[in-house]
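The values are calculated or read from the model by the stated rules, or taken from the named source; none is laboratory data. Worth saying up front: this structure is predicted, and the values here are computed from it rather than measured. No Cβ is skipped: glycine too gets one built from the backbone with ideal geometry, and neighbour counts run over all protein chains shown.
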Amino acid sequence: MDVNKRSLSPTVMEKISSLAKRRGFIYPDSEIYGGYQGFWDYGPLGVELKNNIKRQWWKSMVYNREDIVGMDTSIIMNPVVWEKSGHLKAFTDPMVECRECHKRFKEEDKKSHEHDDWTEPKIFNLLTEVLLGTTEPKEKAYLRGEITQGVFTNFENVVASSRVKIPFGIAQIGKAFRNEITPGNFTFRSREFEQMELEYFVKPDEAESKKIFENWKEQRINWYESLGMTAKKLRFQDHKDKEKAHYAKYATDIQYEAPFGWSEFEGIHHRGDFDLKNHGLSYLDQETQEKYIPWVIETSGGVDRATLFFLIDAYYEDGERVILKLHPKLAPIKVAVFPLLSNKPDLVKKAKWLFGKLKIAIPPVAWDDRGNIGKRYFSQDEIGTPWCVTVDFQTLEDETVTIRDRDTAKQERVGIDKLNEWFSAKLNDPTSE
Ligand code: GAP
């Protein structure tokens, strides 16, 4: 990440974090006690957005494929795992301390500091320690620093218990923890975050595995674009040798052009046989009886970073009006239902009835009968609701409602009996997967 660009447009980040808090997307964790650096809580709309991202990812990685299965492994593992995986030795960042104010920084972040008198870099391990057991001294274990190792340690279990054959993948979504030296840029660098990862096991073959690696790069960047992320704000950045993780044969990042500079939010790594070899695991081809250590192509995305970048990318201002142009599949609320006037019982009754129906058909649905209709539209635009349905006097006569589109502000009259069809056609648009 280019930290020098950090201060270029701080107002965009301020606007987004303030909207996120005001409308219930993201709050600072433990805020009533002053917060806790590097930890965040997702509010009623944030949890919907994040779940929608995870759901779409799972759909494209597991349900739409025949060669990928899912898993959910434990956060705390036998500490031997972290020794074998190399994390106890190599999961580190160089840390420097400012001699004037004694603040500590990840070495690459020190450029943005006001003083310029630094200690020599010290190697700092990012694994978060936890103490377990009832007898002293308690046993030291670790919160997982990546969700990956649970997949590797279960490799033979999955092969033995399901019908997978190489090439195949194991997908997982879950929390990871890193004792980051300098958390920051809102949720971008947190100490607790979620990852969505695929470990794809292939035959050890240079040319073939490179082809599969290139193919996953394309699939992953296309996935972000298919969910509305602006293509020209996305790019690949290959790792130079000295930037590569301890396990990577070769690696590239998908970066987004955030207000604080181009920033990584998904890594595509060719991990070779590093992990399975370290854990002493291998694969037996049942047909040829050939035994070998598969190579691994990994796609490792951050759910929180994706959530942040989908929010930033969707943020538009039109005068006073703020619009979150989130893809309908990601929008936390799909539809809002209003009675045109809140003091007309017939309209309210009909609108409540329709609200109840749509809530079951395309949840979640919002209800709003406050203020005037214009204010209700503004309020829904700001949280990204793609469609607002209004029950008016004509509805009582001919069973039609108006649907107002968030992005064009255009209105269309549709029969109530056609609504489910109308919304499912929009939500299941096959050009966006
Ligand atoms: N298993 C490989 C792995 O963990 P990584 O590049 O260290 O690779 C993958 O992490 C993704 O996890 C990153 O691209 C990012 O989206 C997310 N991530 C990593 N550290 C993070 C942090 N401190 N806060 C939020 N997300 C983080």
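Observations
- S282 under 30 Å from N51 (Cβ atoms), of a type in the set (S, T, N, Q) and in contact with a strand residue (DSSP E or B) (Cβ under 8 Å, 6 or more places away or on another chain): no
- Residues (touching a Pro at 6+ places or on another chain (Cβ under 9 Å) and surrounded by 21 or more Cβ atoms within 10 Å (Cβ to Cβ)) located in region 187-206: R189, S190, Y200, F201
- Positions within region 298-354 being assigned to a strand (DSSP E or B), within 16 Å of the ligand (Cβ to nearest atom) and among the charged types (D, E, K, R), in sequence order: E298
- Residues of region 190-234 satisfying the condition of being among the small types (G, A, S) and free of Cβ contacts under 8 Å to residues at least 12 places away in the same chain: A207, A231
- Residues in region 385-418 that are assigned to a helix (DSSP H, G or I) and more than 24 Å from K375 (Cβ to Cβ): 5 in all.
- Test: V130 is among the aliphatic types (A, V, I, L, M) and more than 14 Å from T182 (Cα to Cα): yes
- Among the residues of region 31-43, at least one is among the hydrophobic types (A, V, I, L, M, F, W, C) and touching an Asp or Glu at 6+ places or on another chain (Cβ under 6 Å).
- Taking region 14-126 as the region of interest, the helices (runs of 4 or more DSSP H) fully inside it that hold 3 or more residues being of a type in the set (A, V, I, L, M, F, W, C) are 44-58, 80-84.
- Enumeration of residues in region 211-243 that are modelled with pLDDT under 95 and either surrounded by 13 or more Cβ atoms within 10 Å (Cβ to Cβ) or closer than 18 Å to Y292 by Cβ (or both): H239
- Any hit, region 163-186, residues being of a type in the set (S, T, Y) and either near the ligand (Cβ under 9 Å from one of its atoms) or surrounded by fewer than 19 Cβ atoms within 10 Å (Cβ to Cβ) (or both): no
- Note on region 257-289: among residues that are farther than 22 Å from I212 by Cβ and crowded, with 17+ Cβ neighbours inside 10 Å, the one that is nearest to the ligand (Cβ to nearest atom) is S263.
- Residues located in region 221-256, provided they are among the charged types (D, E, K, R), within 11 Å of the ligand (Cβ to nearest atom) and outside any loop (DSSP other than H, G, I, E, B): E243, D253
- Among residues of region 323-352 that are among the polar types (S, T, N, Q), those with a beta-carbon under 7 Å from a residue that is surrounded by fewer than 21 Cβ atoms within 10 Å (Cβ to Cβ) at least six positions away or on a different chain give the pairs S342/V348; S342/D369.
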